[in-house]
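Enquirer: Quick one: structure below, then a few questions.
The values are calculated or read from the model by the stated rules, or taken from the named source; none is laboratory data. Just so it is clear, the structure is predicted and the values come from calculations on it, not from any experiment. For neighbour counting, all protein chains shown are included, and Cβ atoms are generated from backbone atoms with ideal geometry for every residue, glycine included.
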Amino acid sequence: MLLLAAILLPAVGGALLPALRLRTPRRRAVYVEAVTLLSSALVCAVLLWVPRGLVYWLIPDLWGGTPLALALDDRGALFAGLVALLWPLASLYGFAYLEGDAHWERFFAWYTVTYGVTLLVAFSANLLTLFVGYEFLTLSTLPLVAHKGDPASRRAGLAYAAWTFGGSALGLIALGFVIQFSPAGAAFTEGGILAAGTDPQLVGWLFLAAFLGFGVKAAVLPTSPWLPMVSVAPTPVTALLHAVAVVNTGAFAVQRLVFDVFGPDTVRGTLPHSIALGLACATVLAGSMLAVREQHLKRRLAWSTVSNLSYMLMGALLLTPAGLQGSQSHFLYHSFMKMTLFLCAGAILTGSGREYVQQLRGLARKMPFTCAVFTLAGCALVGIPPLCGFVSKWQLLTAAGAVGGWQGTLAIGTLIASAVLTAIYLMVPAVLCFFRPLTEDSDEPHDPDWRMKVPLILLSVLVVFSGISFQ
């Protein structure tokens, strides 16, 4: 079965890496990239040949008549396709970034296993399977967050585990009630799966509990602080944590909750829905303001991620097809833009040793390629046309305008204010790079080698042409 094979190949391939005892770094890198590329090829086969909507049971009765099951639909296909596209690029970049690392094999073993776990989330047929994947994703990424083994990495790992497992408790409560009130073995269904006649007040508060529980990985307030903390991890980890795997799992889960579990008609007009939308808008603004204040480059990008994840949540919580389209567009395009920015930050760190915004003065004279790519991705995230960030933000803005009322007005005001703040926290580093005198130090800054440049070039192409294609 292609769905299961796509999940198992990277999971088993990563787990076998230490046991193979490949003698040279080159052989290890070739093995990891081969497993990753074959996994991506399997995902492409899944997207082409697996019928939409058919449910494949792995364990027939895991809990209350609900199976552990896999299926493919349009939402899962978008997530899986995104992962299959970006994971090989992140792995290639990681070979250069972690060259000479004493625990290279351990890192890439967990890194590749996480690919398979992320696909389990994407191919989940119901909320129970998604929850299982959600938990395994925390377990597989925890060693990556704490990879360096220093006190800051251990603190980040503990914070990450505490927040995500704590959120899982709320998610588990909501999951139990969903299983009770939905038909046995119910798969994700457009419009919701809860049985008719379920108490609407109870459903509303269960929705809020599920939103907060699964939304922890999307760093919605008040759970946001863990995300900037994990920026101490190696850049290949933060790029995937902040752009593809973990945080997108939170946004993906909320989209599922709104449209495929509870249903827009069930939660519309309830107090819990208003609370959830208010939290999403507050997170957009808080993340942007904290990014402006933050001077450490990777943590600034982390707060930017906090803000942009709630763009996706806000779009889904507008409860309209147009809002969902904007949410899913930003789900895709934010991954392109934010991975590019994080990989540039890692290239700056390895090529110059600089970590803080004020240290970027004049860096474009020595690292023109990296600074140009960073500026391009920054312009896209601000929403400058014709780059891809403009497309998703325009879709969200028009969806909010169509909703109207206080909810639409709140969303529009949030989007405009955040766009201004985004321009400040991303264009300031770009201006420093190109228009300020170079800060002298003992190390000679230099652009990265081809293993870092190739992913950045391909990501830049995606940022530009995915926007142009929708104009």
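Enquirer: Given the criteria modelled with pLDDT of 80 or more, in contact with a strand residue (DSSP E or B) (Cβ under 8 Å, 6 or more places away or on another chain) and of a type in the set (Val, Ile, Thr), does residue 179 qualify?
Expert: yes
Enquirer: Something else about it: Got a sec? Which of 166, 100 is in a helix (DSSP H, G or I) and surrounded by fewer than 17 Cβ atoms within 10 Å (Cβ to Cβ)?
Expert: On inspection, the qualifying residue turns out to be 166.
Enquirer: Can you tell me which residues in segment 9-32 are farther than 26 Å from residue 120 by Cβ, in contact with an Asp or Glu (Cβ under 9 Å, 6 or more places away or on another chain) and assigned to a helix (DSSP H, G or I)?
Expert: Listed by number, the list holds a single entry, 25.
Enquirer: Tell me, which helices (runs of 4 or more DSSP H) wholly within segment 212-264 include 1 or more residues that are surrounded by fewer than 24 Cβ atoms within 10 Å (Cβ to Cβ)?
Expert: Those helices (runs of 4 or more DSSP H) span 226-229, 246-256.
Enquirer: Which of (1) out of contact with any Asp or Glu (no Cβ under 7 Å at 6 or more places or on another chain); (2) within 23 Å of residue 427 (Cβ to Cβ) does residue 296 not meet, given it meets every other one?
Expert: With respect to (1) out of contact with any Asp or Glu (no Cβ under 7 Å at 6 or more places or on another chain); (2) within 23 Å of residue 427 (Cβ to Cβ), residue 296 is out only on (1).
Enquirer: List, please: which pairs have Cβ atoms under 8 Å, are six or more places apart or on different chains, and start with a residue in segment 28-48 that is closer than 13 Å to residue 14 by Cα and end with one that is among the polar types (S, T, N, Q) and buried (at least 17 other Cβ atoms within 10 Å of the Cβ)?
Expert: Sorted first by the residue in segment 28-48, then by its partner, the pairs are 32/91; 32/112; 33/91; 35/112; 36/91; 36/112.
Yes/no per residue for (1) part of a helix (DSSP H, G or I); (2) modelled with pLDDT of 90 or more; (3) more than 19 Å from residue 255 (Cβ to Cβ):
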{"position": "62", "(1), (2), (3)": "no, no, yes"}
{"position": "105", "(1), (2), (3)": "yes, no, yes"}
{"position": "110", "(1), (2), (3)": "yes, yes, yes"}
{"position": "133", "(1), (2), (3)": "yes, yes, no"}
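Enquirer: Restricting attention to segment 411-439, and to residues there that are more than 24 Å from the chain's Cα centre (by Cα) and under 15 Å from residue 288 (Cβ atoms), which single residue is surrounded by the fewest Cβ atoms within 10 Å (Cβ to Cβ)?
Expert: Across segment 411-439, the extreme among qualifying residues is 413.
Enquirer: In the set 396, 343, 376, which member is at pLDDT 95 or above, assigned to a helix (DSSP H, G or I) and buried (at least 23 other Cβ atoms within 10 Å of the Cβ)?
Expert: One residue alone meets the criteria, 396.
Enquirer: Can you confirm whether residue 3 is farther than 29 Å from residue 344 by Cβ, touching a helix residue (DSSP H, G or I) at 6+ places or on another chain (Cβ under 9 Å), outside any helix (DSSP H, G or I) and not β-branched (Val, Ile, Thr)?
Expert: No, not satisfied.
Enquirer: Ok, one more. Do we have residue 268 as within 18 Å of the chain's Cα centre (by Cα) and under 27 Å from residue 398 (Cβ atoms) here?
Expert: Against the criterion (within 18 Å of the chain's Cα centre (by Cα) and under 27 Å from residue 398 (Cβ atoms)), residue 268 does not qualify.
Enquirer: On the given criteria, is residue 384 closer than 26 Å to residue 355 by Cβ and modelled with pLDDT of 90 or more?
Expert: When the stated conditions are applied, residue 384 does not pass them.
Enquirer: Name the pairs: first residue in segment 368-386 and closer than 22 Å to residue 326 by Cα, second residue of a type in the set (D, E, K, R), Cβ to Cβ under 6 Å, at least 6 apart or on different chains?
Expert: Close Cβ pairs (under 6 Å, with a partner that is of a type in the set (D, E, K, R)) amount to 383/393.
Enquirer: Residues to consider are 467, 405; find the one that is at positive phi, modelled with pLDDT under 95 and not polar (S, T, N, Q).
Expert: 405
Enquirer: Can you report the number of residues in segment 177-204 which are surrounded by 14 or more Cβ atoms within 10 Å (Cβ to Cβ) and assigned to a helix (DSSP H, G or I)?
Expert: 6
Enquirer: I'm told residue 142 meets every condition in (1) of a type in the set (A, V, I, L, M); (2) surrounded by fewer than 24 Cβ atoms within 10 Å (Cβ to Cβ); (3) touching a residue at least 60 places away in the same chain (Cβ under 8 Å); (4) more than 25 Å from residue 60 (Cα to Cα) except one. Can you identify the failing condition by its number?
Expert: Answer for residue 142: the failing condition is (3).
Here is a yes/no grid of residues against (1) aromatic (Phe, Trp, Tyr); (2) under 30 Å from residue 96 (Cβ atoms); (3) out of contact with any Asp or Glu (no Cβ under 7 Å at 6 or more places or on another chain):
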site	(1), (2), (3)
170	no, no, yes
177	yes, no, yes
198	no, no, yes
205	yes, no, yes
208	no, no, yes
248	no, yes, yes
252	yes, yes, yes
260	no, no, no
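Enquirer: Another question, then. For the list (1) touching a Pro at 6+ places or on another chain (Cβ under 7 Å); (2) under 16 Å from residue 7 (Cα atoms); (3) surrounded by 14 or more Cβ atoms within 10 Å (Cβ to Cβ), I need the number of the one condition that residue 59 fails.
Expert: (3)
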